[in-house]
1. Hey, does region A:75-91 have a residue that's within 14 Å of chain B (Cβ to nearest Cβ), assigned to a strand (DSSP E or B) and touching a Cys at 6+ places or on another chain (Cβ under 8 Å)?
2. Can you work out which of the residues in region A:66-84 that are loosely packed, with under 15 Cβ neighbours inside 10 Å and within 27 Å of residue A:159 (Cβ to Cβ) is modelled with the lowest pLDDT?
3. Kindly list the number of the only condition in (1) over 22 Å from residue A:69 (Cα atoms); (2) within 14 Å of another protein chain (Cβ to nearest Cβ); (3) at pLDDT below 90 that fails for residue A:152.
4. Kindly indicate whether residue B:34 is within 14 Å of chain A (Cβ to nearest Cβ) and either assigned to a loop (DSSP other than H, G, I, E, B) or within 17 Å of residue B:219 (Cβ to Cβ) (or both).
5. Tell me the residue from A:345, A:321 that is over 22 Å from residue A:480 (Cα atoms) and of a type in the set (A, V, I, L, M), please.
6. So residue B:18 passes all but one of these: (1) surrounded by fewer than 18 Cβ atoms within 10 Å (Cβ to Cβ); (2) closer than 24 Å to residue B:243 by Cα. Which condition number does it fail?
7. Would you check if residue A:225 is buried (at least 21 other Cβ atoms within 10 Å of the Cβ) and of a type in the set (Ser, Thr, Tyr)?
8. Any residue in region A:337-360 that is among the acidic types (Asp, Glu) and farther than 16 Å from residue A:246 by Cβ?
Amino acid sequence: MSWACQYSIPSNLSVGGLTQRLQRLVACRIDTQQSTKRTFYDTYDWRVYASGHALEEQCMNNNTATLHLRSLNEPNAQAVATTSRNSLRFLQDLPTGAVRRQLASIIEMRALLPVASMRSRMTSLRLLDNNQKTVAYLELEENHMLNAAGHTQGEAIRRACLVPVRGYATSARRLSRLLTKDLGLEPADADPLIAAVAASGRRPGDYSSKLDLHLDPSMRADAASKIVLRRLLDIMQANEHGIRNNIDTEFLHEFRVAVRRTRSALMQLKNVFPDRSQNRYRRGFQWLQQITGPARDTDVYLLKFADYHALVAPPLRSGLAPLRNFLQQRRNIQYRRLTSGLDSARYNKLIADWRAFLDQPPPKRTTPKNATRPIGDVANERIWRLYRRAIKAGRTIDDNSPAQDLHELRKTCKKLRYMLECFHSIYPTGEIKKLIRALKQLQDNLGDFNDLQVQSEVLQQFSKEIYAKGRAEPETLMAIGNLVATLRQQRELERQAFYGRYEKFARPVVAAHFRRLFHDAAEGATNNQAP
Amino acid sequence: MKVLASYNIKGGVGKTSTAVNLGYLAACEGARVLVWDLDPQGAASFYFRVKPKIKGGSKRLLRRKRQLLEVIKGTDYRNLDLLPADFSNRHLELLLDHGKKRRRGLRKVMKPLRDHYDYVLIDCAPSISLVSENVFDVSDALLVPTIPTTLSLRTLNTLIDFRLKHGLTDVQLLPFFSMVDRRKNLHRLILERPPKKLSFMLKTFIPFASEVEKMGVRRAPLATYAGHSHAAIAFEQLWTEVKSCLTKRHNKPPWAAKSNENF
C-alpha cells in the first residue's frame, strides 16, 4: 500500500471545517455522526497488544456495543462483532464470529480488562462515484482521552482514518493525495490506543512475566541472584490483586511459577547467601507453594473440563455436570482459603522481610564461599550438574520403572529449566533458547505423564467424595470411570513416547552444546584462576 | 465456507433478489459473504451499483490467469463483497467445456475463496447447462425460488429429476415459493396444498411486493430501505430457515425418495 491510512488533523482545522472543504472537492456524503465511549481491552499481560492488535469496544447509546479487533500495522484489517455493553470478560462471553475466532489463540484463558478509554465524536463520510456507490470511507474522530479516574485529560486529538473499499484502490489513493496535498493532513502512524493508554498513566506491555534482565557474567553471584529474585518477587506482588479479585486463573499460575523459580534458585544457588537466611526463606516459600497448590489444582481441572468432556464417550457426557459443580464449589473454597493465606501475618512478614533482604546491598565481606564468585561460574556449575543428573536419571528409566522415577526426573528437568531461564542473559543471545526448546519437548512429555497419573487418581478420589455426599447419580460415576480409563490409556501412550523424547534430548548435538556452554567455559575459568 | 446458489431454470422468479437479500442478511450477522453474479445480465451487480465488468473477462478467471480474489469488489455494506458480472459470462458454457473435468471447472477457481468467506451466494443465470452442473458441483445447497404456478412447478420437477438422474444428491435442494400473490386463486391453492412430491419445500414464502421491485430503483438490499415490510421479514425468516436446513444436512433428505406424481 503506497498511501497512509491514518492522518492527524492539524489543530487549526475542525472536523466540521474539514468535512465542508472535502465536500467542495469531491462527491461525499456524511453517513453517520455519533458520540461514543471507546474502551480498549487487553489481558493483564498485554497479549492482544503483543500480538500486534488493538481490541476496542465502542458503546452506543442503547445497551449495545461493537467490538473492533484491528491490526496495529494495518488498521483497516479489522474484524467487528456486536455485543451487549460491558459484557466483556472471557472468550466465551464474545459472540461467535471473526473477532472471537482471532482472539481465541491470542488471549486463551485470560480475562479481558479495560486498559484505557476515551470519548469520541465520530463522523463517517462516504466517498461516492458516479453511480452513488461508496468507493472509500473516511472516518473522522475527535478523541478526548480519559484518565484512570474517568476525567478528560489534555487536548482533543483529531484523527482521520481512510478505509478503502475492496476493488477501489484508485479512489482511495486519490482521496489520500487530496487529504495530504490539498487539505494539509499529516500521516499518523500510532494507533489511538497508545495515546489513550498513556493518558490513563500506563504503558502498553508494562507487565510481563518474562525474566527480561541483563546480567553481567562477571557480577558477584549474590548481587546477581538478588536481581533475579527481586524480579520474581515483583512478579508475585503484581499478580496478587488478580488472585484476590479472582480475575482469571493465570494470576495464580504466574504467582506460583515465580514462587517455584524462587525456591529453585534458593535451592540451586548453594553457598551464595548466609545459611540462616537461605533456610528461612526456603521454608517460607515452600509454605507459600503449599497453600497455593490446591487452588491451582482445581483451576487446572476446570480448565481441562472441555477436554474431559470430549474424552468421555458421548452417551455418558451429560453425567459429568455434577463433577463440574463439585469442582466449582471446591474452587471457591480453595480460593477463599488462599485469600486468607495471603492476608495472613505470616505471608505479609515473609514478603516484607524477603523484600528487605533483597534490597540490602551485598556485604563486602561475607562467609558463604560462592557469594563473591562471578555469577557466570556459579551458574555454569549448577546447570552442568543438573544437566548431567537429568541425563543419568533418564538413562535408567525402562518399562519397569515406577512412576515416581519419572516424577523425579521431571523435577530435575524443571530445576534445570528454571536455572536456564533465570540466568539466560549471561550467555550469548539465542543459545539458551535452543537448549530450552530441546528440553521443553522432554518436559512436556514428563509433565503430561505426571498430570495424567495424578488426574486419574484424583478424579477417582473426587468420585468417592461426590458419592459420599450422596450427590452421585450412576451416570456421573460411570462418566468419571470412563474418563479415568481414557486418561490411563493416554498416560500409557505418553510413557511410550518418553523414550523417543529422551533420546532426542540426550542426543550428542545437544550434549555438545551443553558441554560447550557450561562445562568447557567453567573449566576455562578454573584454569585461568589456577596459576 | 458454505456455497449457496440461487438457481432456477426459469427466469424472472426472484433469483437475484434472493441472493442479494440473503447475502445482506448474512453479512449483517457478521458472516463474511460474497455474492457472485454469474448472470451475464448483471442484475446483482446493478443492485450493488458495481460496474458489471471483470478486467480480462471470465476467460482469464477460469483459466486461472487472474485470481478470483483480485476482481472482487466491496459493496456499500460491511462484510459483503461482490464478484461482478461480466458480459463474457454468456460464453461461460464454452469456456468450461474443455478437458476431462469439465463439470468441476468452477471448483478449482473457487478454492482460494475458502479462507476469506463464510458464505458464497451465487446468482445464476436461468438455464440448465454445463454452467448449472458446475454450480451444482460447488454448491452446498440450491435455493430455488418458485412461483406457485403450474409451469413453474413443472420446471421444478424437471430440476428434481435432473438432479437424481445425474447423481447430484450432494447438493441440498431448498425450493421455496416466491412472488406469491395471495389475491390469485391458483397461488393460494398451490400454497395451501402443494403437490405431495414437494413436501420438502421450505415453509417460508416470499410475497409479491412492490418493495422488492423497488430494489431496482433504490439499488440496495430490501432491508436497508424497507426493513419492516412483509417481504423483508419474509426474507429474514427464509434466511433463518435456510441456515437451519444447512445444519441438518446429515439427515437423509426427504426428497431423496422418488415420486411419480405428475404435474
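1. The answer is no, given that none of the residues of region A:75-91 is within 14 Å of chain B (Cβ to nearest Cβ), assigned to a strand (DSSP E or B) and touching a Cys at 6+ places or on another chain (Cβ under 8 Å).
2. Residue satisfying both the conditions and the ranking: A:77.
3. (2)
4. In short, no.
5. A:345
6. Looking at each condition in turn, residue B:18 falls short on (1).
7. Taking the combined requirement at face value, the residue satisfies it.
8. yes
The values are calculated or read from the model by the stated rules, or taken from the named source; none is laboratory data. Keep in mind it's a predicted model, so treat the numbers as computed, not measured. So basically every Cβ, Gly included, is an ideal-geometry build from the backbone, and we count neighbours across all protein chains shown.
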